Amino acid sequence: MLETTDNPETPAPDARLSIPFKRRLAYATIIYLSFLLLLAAIEIGTRLGMSHVSSLDLFVVTSQQKAQVADANHSGIFEGDPLLLWRLKANLDHAVWDFTVLSTNSAHLRSEQPSGSLQPKQPGAIRIVCLGDSVTFGYRVPVVWPDKPTEYDPEWLPYPMLLEKQLRAANPNRNIEVVTMAVPGYTSHQGLAWLRRDINRLKPDLITLSFGWNDASFSDVPDREAIKTNWSAVGVRWLVDHSQAFAHATRWLRAREALKQQAQTQPRLRPVARVSQQEYLNNIFAIVDLSRERGTGVIVIAAPYRDHSSEAPEADLMLQYRVALGSTMRQRQVPFLEIRELTEEAYPSNEGWFGERIHPNHMGHRLIASELLKLIGSQHMLHDLNVPSLIP
């Protein structure tokens, strides 16, 4: 029987296979850097050799949303947003869009001061946030004709700007700011996601909110599916927004999927509300709760609608949403502003307040601002601030 002996000069198996930590770190760094350089080369090559793919076109997929914000006639003032799908472009300077002249600041918000910025809230300042859709945004206020872009009345302002103007005039020594946090086409689903993201940065003293027509309008896909706000969905959209290579890959994959679907018999989609009535109420509840948790006052404004005769089924939905909202807000003792002149109950005498059945004109916005000031003043929602009761 042979007897084996250990050779002291022969290294142990672990010793032969062991690689110093610094060398392993160097190998890993080389691998990662090579991968990053490859991605950078693909991105640069895509940007240089292929046409630009707009993230707005990839984010906005339903036909109803495309008609509002992503077709050739409307996309000029919008761009893609990873969380909310679309937003206003920053630093617009008196752009004319759909008979509306508007400017935006660097925070993508409509503002009278083009290229301005939304500064951090200063000590002692009063900040009001007006959260909403195209009504709050001020669609066609002021009205301007594309061939005469400078011929409009600068006094015709949306109600957030009127609020700011009147409050500043009544309190000349106070720092007062009203933020128009509103975008055409938005629903309460988007408004809630937006406020959740930005409320801690904005630090508002008062929030007004108004949603309705977009929520009740029909779409092939409800907003909870079309605009997913979980971190993974937003992360993928962020990559599409920042990488042309990823955007082209996404467009190619969607085109393949569309061809597969064309080859198959697909059931006809039944249009549904972008936001159901119960989801609408839940979103408004969540916005109110989010505000109150931070000690911020809140006013819910009923969505305006002119008449019941132009689009009766749509008017029925608007009435249902409004009645349900008013009832639940009163039960929860949330300040609720419903302006009779801006509802179908006042038709036809209310025609002078509207541009068309959905959007108030400049006179309608003055009415909203006046009623808001009355409510704010009667409930002392801005504490020691002097709140005028009428707009001259």
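Some points to look at:
- Pairs with Cβ under 7 Å, 6+ apart, first in the stretch 186-208 and more than 17 Å from residue 80 (Cβ to Cβ), second hydroxyl-bearing (Ser, Thr, Tyr) and in a loop (DSSP other than H, G, I, E, B): 204/296; 205/296; 206/296; 207/296
- Any chance residue 155 is part of a strand (DSSP E or B) and either over 24 Å from residue 358 (Cβ atoms) or among the acidic types (Asp, Glu) (or both): no
- Residue 109 satisfies every condition listed in (1) closer than 26 Å to residue 205 by Cα; (2) at pLDDT 95 or above; (3) in contact with a helix residue (DSSP H, G or I) (Cβ under 9 Å, 6 or more places away or on another chain) except (3).
- Among residues of the stretch 15-44 that are under 24 Å from residue 247 (Cβ atoms), those with a beta-carbon under 6 Å from a residue that is assigned to a helix (DSSP H, G or I) and modelled with pLDDT of 80 or more at least six positions away or on a different chain give the pairs 42/245; 43/245.
- Selection count where residues are in contact with a Ser or Thr (Cβ under 9 Å, 6 or more places away or on another chain) and either loosely packed, with under 15 Cβ neighbours inside 10 Å or of a type in the set (Phe, Trp, Tyr) (or both), scope the stretch 113-131: 3
- For the stretch 172-205, taking the residues that are more than 14 Å from residue 107 (Cβ to Cβ) and among the polar types (S, T, N, Q), the one that is surrounded by the most Cβ atoms within 10 Å (Cβ to Cβ) is identified as 188.
- On the stretch given as the stretch 62-97, residues that are under 14 Å from residue 274 (Cβ atoms) and surrounded by fewer than 17 Cβ atoms within 10 Å (Cβ to Cβ) total 3.
- Any pair with Cβ under 6 angstrom, 6 or more apart, that starts in the stretch 298-315 at a residue that is among the small types (Gly, Ala, Ser) and ends at one that is assigned to a loop (DSSP other than H, G, I, E, B): 302/338; 303/212; 310/357; 315/308
- Among residues of the stretch 245-260 that are of a type in the set (A, V, I, L, M, F, W, C) and surrounded by 10 or more Cβ atoms within 10 Å (Cβ to Cβ), those with a beta-carbon under 6 Å from a residue that is in a helix (DSSP H, G or I) and at pLDDT below 90 at least six positions away or on a different chain give the pairs 245/42; 245/43; 245/46.
- Selection of the stretch 261-285 for residues being surrounded by 11 or more Cβ atoms within 10 Å (Cβ to Cβ) and part of a helix (DSSP H, G or I) yields 277, 279, 280, 281, 282, 283, 284, 285.
- Among the residues of the stretch 360-386, just one is crowded, with 22+ Cβ neighbours inside 10 Å and not in a helix (DSSP H, G or I), namely 360.
- Residue in the stretch 288-297 that is touching a Pro at 6+ places or on another chain (Cβ under 7 Å) and touching a residue at least 24 places away in the same chain (Cβ under 8 Å) present: yes
- Filtering the stretch 286-329 to residues that are surrounded by fewer than 18 Cβ atoms within 10 Å (Cβ to Cβ) and either closer than 23 Å to residue 369 by Cβ or of a type in the set (A, V, I, L, M, F, W, C) (or both) leaves 286, 290, 312, 319, 323, 324, 326.
- Out of 55, 134, sole residue that is modelled with pLDDT of 95 or more, small (Gly, Ala, Ser) and buried (at least 19 other Cβ atoms within 10 Å of the Cβ): 134
- When residue 216 is tested against (1) within 26 Å of residue 354 (Cα to Cα); (2) surrounded by fewer than 20 Cβ atoms within 10 Å (Cβ to Cβ); (3) in contact with a Phe, Trp or Tyr (Cβ under 6 Å, 6 or more places away or on another chain), just one condition goes unmet, and that condition is (2).
The values are calculated or read from the model by the stated rules, or taken from the named source; none is laboratory data. Everything numeric here is computed off the predicted structure, so don't read it as measured data. Note that we place each Cβ from the backbone using ideal geometry, even for glycine, and neighbour counts take in every protein chain shown.
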